[in-house]
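Input: a single structure, listed below in structure tokens.
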Amino acid sequence: MSKGDNRLKILYIIDELKNKSDENHYIKTSEIIEELNNRGLTADRKSIYNYIESLIEYGMDIEKSKKGYKLVSRTLELAELKMIADALGASRCISPKKTKDIVRKLGKITSEYNRSQLDRQVYIEDMVKSSNSSVIYNIDAIYNAVSMNKKISFNYLKTTVDFDEKEKIHKDIKRNAKNEPIVYVQSPYALLWKNENYYLLAYDSDIQGEKTFRVDRMLNVETLRNKRDGERYFTDFDTSEFVNTAFSMFGGEYTRIELKVKKELIGVILDRFGNDMEIYEDKNDSSCFLCNPCIQKSNLFFSWISGFGNGIELRKPENLRSEYLKYLENIIKVYQ
């Protein structure tokens, strides 16, 4: 390497300003010279001063003082990076591994003194992080397909429970009667964000209507050559109204309950309540399991249970079961 390679010198100086200086830390001229020497480059104080002046003239916001130099403003400030890191940590759809990977990359934008402040956890009540690390690539593939007016294909995960196995909860690709992975072909139109999850809003040609899919359950997303169907269907489709009516949140007093649930609804239960509960076998009914989540008591919770018909039974506590029965009786009265 040439000891007089000025192009490399100025690039390494930029790196040192980004890594070793921030709003609270200055980097000294002697430290810059030492770092250049470590890289096989030579420089004196006067040349460092000239390089800094050139960078300031170029537009970099560098502050000079007796303490040395510091990079004052950046593409993203520390407070903004913290907010992004918190949002990543709070997102259900991004796996813990991918969250750490992205936060590590964000750390390269700030100084080495601030990087540890990004490595933190936001505690969100009952949050369950996805185990699917391909979510961000799914999102990118969906957006690309929408922009190109193309269909997509993908596999879809389902969750099952089996108390005869050591690992009782399993996730596997949905399969047909021949045990072959089902390939879904859909026309993507929008990505929805609700309850800390991404959902694909698509047009299904078979039913000639809309369908939604959890993006973190989608695998092997591919863009197809076929053009999308459903353009007329979505011409007057009110996406905002759909989001507000298709999903709901709970609210109210916290209560620990016991539910009897059909085994095929295990994924629904885990998505809704997380892992802060026991899941155990129903000795009297092999088609069901029991669980005891902590819920917020409200009519919205009652309506959520009733939406599954006889798939979910509220067993305990007795007083809440009685309230739910009255809730159902009041609905029945309207139709009598």
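The values are calculated or read from the model by the stated rules, or taken from the named source; none is laboratory data. As the structure is a prediction and not an experimental result, all values here were calculated from the model. Note: ideal-geometry Cβ built from the backbone for every residue, glycine included; neighbour counts use all protein chains shown.
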Please go through the stretch 261-300 and pick out each residue that is in contact with a Phe, Trp or Tyr (Cβ under 6 Å, 6 or more places away or on another chain), at pLDDT below 85 and not in a strand (DSSP E or B).
-> 298, 300
Go through the stretch 15-47 and give me each residue that's farther than 24 Å from residue 107 by Cα and basic (Lys, Arg).
-> 45, 46
Of all the residues that make up the stretch 158-184, how many are touching a residue at least 40 places away in the same chain (Cβ under 8 Å) and among the aliphatic types (A, V, I, L, M)?
-> 3
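Looking only at the stretch 164-194, which residues are over 27 Å from residue 227 (Cβ atoms) and surrounded by fewer than 13 Cβ atoms within 10 Å (Cβ to Cβ)? Outline the logic, then answer.
Within the stretch 164-194, the subset over 27 Å from residue 227 (Cβ atoms) is 164-172, 175, 177-179, 194.
Scanning the stretch 164-194 gives 164, 165, 166, 167, 170, 172, 175, 177, 178, 179.
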Being modelled with pLDDT under 85, assigned to a strand (DSSP E or B) and more than 21 Å from residue 147 (Cβ to Cβ) is the filter here, so list the residues in the stretch 174-204 that pass it.
-> 194, 197
Out of all the residues in the stretch 134-151, is one or more in contact with a Leu (Cβ under 7 Å, 6 or more places away or on another chain), of a type in the set (A, V, I, L, M, F, W, C), assigned to a strand (DSSP E or B) and at pLDDT 75 or above?
-> no
Mind checking whether some residue in the stretch 40-50 is small (Gly, Ala, Ser), touching a strand residue (DSSP E or B) at 6+ places or on another chain (Cβ under 6 Å) and surrounded by 14 or more Cβ atoms within 10 Å (Cβ to Cβ)?
-> no
Examine the stretch 276-292 for a residue that is surrounded by 13 or more Cβ atoms within 10 Å (Cβ to Cβ), within 20 Å of residue 214 (Cβ to Cβ), not polar (S, T, N, Q) and not assigned by TED's automatic domain parsing to the domain that holds residue 197, and state whether such a residue exists.
-> no
Within the stretch 54-86, how many residues are in contact with a strand residue (DSSP E or B) (Cβ under 9 Å, 6 or more places away or on another chain), part of a helix (DSSP H, G or I) and at pLDDT 85 or above?
-> 2
Test: residue in the stretch 317-334 that is of a type outside the set (Val, Ile, Thr) and modelled with pLDDT under 90 | no
List the pairs whose first member sits in the stretch 255-267 and is buried (at least 17 other Cβ atoms within 10 Å of the Cβ), whose second member is charged (D, E, K, R), and whose Cβ atoms are under 6 Å apart, counting only residues at least 6 apart or on separate chains?
-> 258/315; 258/316; 260/313; 260/315
Can you tell me which residue within the stretch 213-233, out of those that are free of Cβ contacts under 8 Å to residues at least 60 places away in the same chain and surrounded by fewer than 16 Cβ atoms within 10 Å (Cβ to Cβ), is farthest from the chain's Cα centre (by Cα)?
-> 232
Check whether at least one residue in the stretch 20-32 is among the aliphatic types (A, V, I, L, M) and modelled with pLDDT of 90 or more, and report yes or no.
-> yes
